[in-house]
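The values are calculated or read from the model by the stated rules, or taken from the named source; none is laboratory data. Keep in mind that what you see is a predicted model, and the values were worked out from it rather than measured. Using ideal geometry, Cβ is built from the backbone for each residue, glycine included, and neighbour counts are taken over all protein chains shown. Ligands, DNA and RNA are stripped out before the accessible areas are found, and what is left, the full protein with its side chains, is counted by its heavy atoms. Shrake-Rupley method; radii C 1.70, N 1.55, O 1.52, S 1.80 Å.
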Amino acid sequence: MIGLLSATGPIATVLILAHVGVGIVGYGTNALAGWDASEVLRGRTEGRRFLDGSVAPSQLAMLWVPILGALLVALVDPEALGTAWFLVAFGAWCVSVALVLAVAWPAQRELGRLLAATSAVPEALRRPARRMLRAQQLIVVCYVIAFWLMVLKPGNR
């Protein structure tokens, strides 16, 4: 059983692939949604992929990143759960999830509703677009910090 849970065992490999995969898909599509918001701020409202009033299923993938990451570390290297690199990385993942749930996705839904309304004035679009863009920018920063910490594991050499 120990071999299955080793850092190079099959369970760890599947968890790493899942963790990285949902991270790329989830954070990537959320970054693209932020790009759509920046396009709205530039006055380009046509053909925005992520602004239909809903959250795309691919965006939901990011919710799995902290869960799979914590599970992976708990199974493969439980001592790392108390290290600074893990706590800061996990905190960054959790902050990004809180931002997307509390700010980015509600603004995305609101912006989609406003874009669908024929009476939407360009100025009415600016506030939710700006909120959405700023939240997505912070989410990307959290992603970069957590990714850097997980890859380099500073102080763990």
Matching option when the condition is free of Cβ contacts under 8 Å to residues at least 60 places away in the same chain, in a helix (DSSP H, G or I) and out of contact with any Asp or Glu (no Cβ under 6 Å at 6 or more places or on another chain), among 126, 134: 134
Based on what the data block shows, is residue 14 open to solvent by 30 Å² or more (accessible area, probe 1.4 Å) and in a helix (DSSP H, G or I)? yes
Hey, does the stretch 52-70 have a residue that's over 21 Å from residue 138 (Cα atoms) and hydrophobic (A, V, I, L, M, F, W, C)? yes
Residue satisfying all of: in the stretch 98-123; touching a Leu at 6+ places or on another chain (Cβ under 6 Å) and assigned to a helix (DSSP H, G or I); nearest to residue 139 (Cα to Cα) among these: 99
It is to be established whether one or more residues within the stretch 123-143 are within 22 Å of residue 20 (Cβ to Cβ) and of a type in the set (Gly, Ala, Ser). no
Verdict on residue 70 being assigned to a loop (DSSP other than H, G, I, E, B) and over 13 Å from the mean Cα position of the chain (by Cα): no
Selection from the stretch 85-123 of residues open to solvent by less than 80 Å² (accessible area, probe 1.4 Å) and among the hydroxyl-bearing types (Ser, Thr, Tyr) yields 96
